[in-house]
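A.B. asks: There's a structure below that I have some questions on.
The values are calculated or read from the model by the stated rules, or taken from the named source; none is laboratory data. Bear in mind that the values here come from a model prediction, so they are computed numbers and not experimental data. For neighbour counting, all protein chains shown are included, and Cβ atoms are generated from backbone atoms with ideal geometry for every residue, glycine included.
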Amino acid sequence: MNQPLPNSLRQGPDTRGRFGQFGGRYVAETLMPVIQEVEQAYNAARQDPAFMQEWRRLLKDYVGRPSPLWLCERLTEHLRAGSAGPDLGAKVYFKREELNHTGAHKINAVLGQILLARRMGKPRIIAETGAGQHGVATATACALFGLKCIVYMGATDVERQQPNVFRMKLLGAEVIPVTSGAGTLKDAMNEAMRDWVANVADTYYCIGTVAGPAPFPQMVRDFQCVIGEETRQQVLAAEGRLPDALVCAVGGGSSAMGLFHPFLDDAEVRIIGVEAAGRGMESGEHAAAIGGGRPGVLHGNKTYLLQNGDGQIQEAHSISAGLDYPGIGPEHSWLHEIGRVEYVAITDQEALDAFQLCSRLEGIIPALESAHGLAHVLKLAPTMAKDEIIVLNLSGRGDKDIFTVAKHLGESL
Amino acid sequence: MSRIAARFAQLKAEGRGALMPFLEAYDPDPATSMALLRGLPGAGADLIEIGVPFTDPMADGPTVQRAGQRALKAGGSLAGALAMVRDFRREDDETPVVLMGYLNPILSYGIESFCTCAADSGVDGLIVVDMPPEEADELAGPAREQGLDLIRLVAPTTHDARLPKVLEGTSGFIYYVAITGITGTRSATQEALAAAIPRLRRHTDLPIAIGFGVRTPQQAAEAVQVADGAVVASALIETLAASLDEKGRARPDTLRKVLDQVRGLAEAVRGARVSA
């Protein structure tokens, strides 16, 4: 990982685990000691060359990294054809995280965390999952290392992500459906926290995104930065310069942070996070924490949250289970407030359209999460000059979503 | 002297420990919850904990979670809990009342105005479950200015090196979380408590209450034999929940059933040190 410069935007968090006013460690006392233990263990591990070497080896030989940077020629041509002038239509690249083993970026940070859990001597791993991608990645790593794996998944998500539920079971994990609340990612995270409180002595909580109490936002980000670091090298090799814009969908925001972070100090690179607008921002049924929320405390960190006037957390809505979360990682909240990253929102319908377009033009079926990012690229690229470059983080593949999409298209499988 | 300090001093003089029943504000409806609050001192509550409903109670088991959901459905909120305390204080100016809940409703209310309103309403102390000492500075100042005790949780996992940090700035009493777990699940053994409480006493002169897993009169009695108070929550909420009709509404005997159980607990707590 490259070293941040003085006055860099890459220096956070501070010693209190904060990015500006966001982040921190808002957990029950029972968990504080183990969270501090995780932090100490992580700080030691990241400075241990043997630890990092083992993680890099797994990324290369098990995950299949580096993931390619793909120039989307047909998509680019399509967008140029639809643009307002002959000089318009940026060149679109995909960072192909969907080609990773297990089909998404999640495995990058999971392997790092599972190595850490082993180092800490914790034989029992718990995780929360929304779309199931993080659950599958965690179940995979636990299978690889022979660790017990329990995955909490909202009952609603269990229904709409059946293929991933079965995958996790095949991999030897126990999947526990969570029925409290709306039965989605938020509730799964509550239940995982409750499990951790009760089993802190032998259990490691493998959090799937750049949220939760410190050090998780930083740790998950650091592991996911492999995405942005590779992208930087690849785009320099292909184009001889940095991209003009980076785009990625944001739920909790781990894939986005992984792509964005290594470019934060490159002021010429425009960075855009795409939240889920669900049935439309005006409908109130969305998952855009920054677009429609305000700062508060949930799941161990201070960050933008969907909440009512009484400070009660509101249910998010998105067609994409992975974006269906009322919060966002605290570093995103900070990047929003300082204005370094722009946050926009894409509706369910726009994502569905992008999902189909991508499948037909590039032969790549994207995850519905990634389709949100792509939908914004479809708006952005035609407004940019022909010689400009956009990189989209294609964070996951869409095999898991074909049932959801088929249902929305009125087809039965 | 604060109501909490006065009450513990009085109990110490009487040579007995405190019973602290817990109720979730607005569970199952505002009127029943208010009647329960009013009835608690007469049934033997020495201090009262009022749970502030929150959508995502991460340290609570299914019983308190469901209480919170019923309360939210009935319109429960932090403002509603404060209004209950204000009503309660018209008749009772002595029984200490502690609000227990999560930080986000307080942040949303506004820390300064919350502390002012809480003190004006007659709240004596605050337990904010997801606010460890490391994150307490925001609330600690305004709470202290308003004379509100910030009551900290100490857990079995809170090791000796950490205890001074947790106890620093704590006032009122110490809430010992008896188990590593969530509310309403397991109970600590008497041996575990007998080892844990003296460890805390070496670090603090504040009264110590035991909560999480104190369910029966016998467990409450055992708790006050080693500590200064026993908090009973899930066991009372279970009684309340079991008394509701199929639509989740209170029945005529809901109040009596819960208060009878409080009486049984109070009797055990009051008799505990006589035989000890």
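A.B. asks: What residue, of B:ALA221, B:ALA192, is out of contact with any helix residue (DSSP H, G or I) (no Cβ under 9 Å at 6 or more places or on another chain) and under 26 Å from B:GLY271 (Cα atoms)?
C.D. replies: Values: B:ALA221 fails: out of contact with any helix residue (DSSP H, G or I) (no Cβ under 9 Å at 6 or more places or on another chain).
Result of the check over B:ALA221, B:ALA192: B:ALA192.
A.B. asks: Go through segment A:183-228 residue by residue and tally those that are at the interface with chain B (Cβ under 10 Å from one of its Cβ atoms) and either touching a residue at least 40 places away in the same chain (Cβ under 8 Å) or of a type in the set (A, V, I, L, M, F, W, C) (or both).
C.D. replies: Result for segment A:183-228: 15.
A.B. asks: Determine whether A:ARG119 is assigned to a helix (DSSP H, G or I), of a type in the set (Lys, Arg) and in the same structural domain as A:SER359 (by TED's automatic domain parsing).
C.D. replies: Against the criterion (assigned to a helix (DSSP H, G or I), of a type in the set (Lys, Arg) and in the same structural domain as A:SER359 (by TED's automatic domain parsing)), A:ARG119 does not qualify.
A.B. asks: Out of curiosity, is A:SER318 hydroxyl-bearing (Ser, Thr, Tyr), touching an Asp or Glu at 6+ places or on another chain (Cβ under 7 Å) and away from chain B (no Cβ under 14 Å)? Before you say what the answer is, go through the steps one by one.
C.D. replies: Working: hydroxyl-bearing (Ser, Thr, Tyr): yes; touching an Asp or Glu at 6+ places or on another chain (Cβ under 7 Å): yes; away from chain B (no Cβ under 14 Å): yes.
It is true that A:SER318 is hydroxyl-bearing (Ser, Thr, Tyr), touching an Asp or Glu at 6+ places or on another chain (Cβ under 7 Å) and away from chain B (no Cβ under 14 Å).
A.B. asks: Condition first: surrounded by 20 or more Cβ atoms within 10 Å (Cβ to Cβ), at pLDDT 95 or above, within 14 Å of chain B (Cβ to nearest Cβ) and assigned to a loop (DSSP other than H, G, I, E, B). Can you find one or more residues in segment A:248-270 that meet it?
C.D. replies: So far as segment A:248-270 goes, no, none of its residues is surrounded by 20 or more Cβ atoms within 10 Å (Cβ to Cβ), at pLDDT 95 or above, within 14 Å of chain B (Cβ to nearest Cβ) and assigned to a loop (DSSP other than H, G, I, E, B).
A.B. asks: Based on what the data block shows, is A:VAL158 β-branched (Val, Ile, Thr) and modelled with pLDDT under 95?
C.D. replies: yes
A.B. asks: Is one or more of the residues making up segment A:52-65 modelled with pLDDT of 95 or more, among the hydroxyl-bearing types (Ser, Thr, Tyr) and crowded, with 22+ Cβ neighbours inside 10 Å?
C.D. replies: Checked against the condition, which is being modelled with pLDDT of 95 or more, among the hydroxyl-bearing types (Ser, Thr, Tyr) and crowded, with 22+ Cβ neighbours inside 10 Å, segment A:52-65 yields no hits at all.
A.B. asks: Give the residues of segment B:177-201 that are crowded, with 17+ Cβ neighbours inside 10 Å and within 10 Å of another protein chain (Cβ to nearest Cβ), sorted by residue number.
C.D. replies: B:VAL177, B:ILE179, B:THR180, B:GLY181, B:ILE182, B:THR183, B:THR185
A.B. asks: Hey, another quick one. Identify the residue in segment B:80-126 that is outside any helix (DSSP H, G or I), of a type in the set (Gly, Ala, Ser) and within 14 Å of chain A (Cβ to nearest Cβ) and, among all such residues, is farthest from B:ALA18 (Cα to Cα). Full working, then the answer.
C.D. replies: Of all residues in segment B:80-126, those outside any helix (DSSP H, G or I) come to B:90-102, B:110, B:122-126.
Now narrow it down to the ones that are of a type in the set (Gly, Ala, Ser): B:101, B:110, B:122, B:125.
This time we only want the ones that are within 14 Å of chain A (Cβ to nearest Cβ), so: B:101, B:110.
Details: B:GLY101: 21, B:GLY110: 32 Å.
Once the filter is applied, the top-ranked residue is B:GLY110.
A.B. asks: Looking only at segment A:170-182, filter to residues that are surrounded by fewer than 24 Cβ atoms within 10 Å (Cβ to Cβ), free of Cβ contacts under 8 Å to residues at least 60 places away in the same chain and within 12 Å of chain B (Cβ to nearest Cβ); which one of those is nearest to B:VAL154 (Cα to Cα)?
C.D. replies: A:SER180
A.B. asks: Further question: Applying the selection to segment A:38-60, what residues are over 15 Å from A:VAL226 (Cα atoms) and in a helix (DSSP H, G or I)?
C.D. replies: Those that are over 15 Å from A:VAL226 (Cα atoms) and in a helix (DSSP H, G or I): A:VAL38, A:GLU39, A:GLN40, A:ALA41, A:TYR42, A:ASN43, A:ALA44, A:ALA45, A:PRO49, A:ALA50, A:PHE51.
A.B. asks: Considering segment A:127-154 alone, what residues qualify as being buried (at least 24 other Cβ atoms within 10 Å of the Cβ) and not in a helix (DSSP H, G or I)? If you could, list the steps in order and put the result at the bottom.
C.D. replies: Step one: filter segment A:127-154 for residues buried (at least 24 other Cβ atoms within 10 Å of the Cβ), giving A:127-142, A:149, A:151-154.
Those that are buried (at least 24 other Cβ atoms within 10 Å of the Cβ) and not in a helix (DSSP H, G or I): A:ALA127, A:GLU128, A:THR129, A:GLY130, A:ALA131, A:GLY132, A:CYS149, A:VAL151, A:TYR152, A:MET153, A:GLY154.
A.B. asks: Same structure again: Kindly check whether there is at least one residue in segment B:43-63 that is part of a helix (DSSP H, G or I), of a type in the set (Gly, Ala, Ser) and out of contact with any Asp or Glu (no Cβ under 6 Å at 6 or more places or on another chain).
C.D. replies: yes
A.B. asks: May I ask you to list the residues in segment B:66-81 that are out of contact with any strand residue (DSSP E or B) (no Cβ under 8 Å at 6 or more places or on another chain) and either surrounded by 24 or more Cβ atoms within 10 Å (Cβ to Cβ) or more than 14 Å from B:ASP27 (Cβ to Cβ) (or both)?
C.D. replies: If the condition is that a residue be out of contact with any strand residue (DSSP E or B) (no Cβ under 8 Å at 6 or more places or on another chain) and either surrounded by 24 or more Cβ atoms within 10 Å (Cβ to Cβ) or more than 14 Å from B:ASP27 (Cβ to Cβ) (or both), then B:ALA79 is the only one that fits.
A.B. asks: Now, a different point. Can you find a residue in segment B:131-140 that is within 8 Å of chain A (Cβ to nearest Cβ), outside any loop (DSSP other than H, G, I, E, B), touching a helix residue (DSSP H, G or I) at 6+ places or on another chain (Cβ under 7 Å) and surrounded by 23 or more Cβ atoms within 10 Å (Cβ to Cβ)?
C.D. replies: Within segment B:131-140, not a single residue is within 8 Å of chain A (Cβ to nearest Cβ), outside any loop (DSSP other than H, G, I, E, B), touching a helix residue (DSSP H, G or I) at 6+ places or on another chain (Cβ under 7 Å) and surrounded by 23 or more Cβ atoms within 10 Å (Cβ to Cβ).
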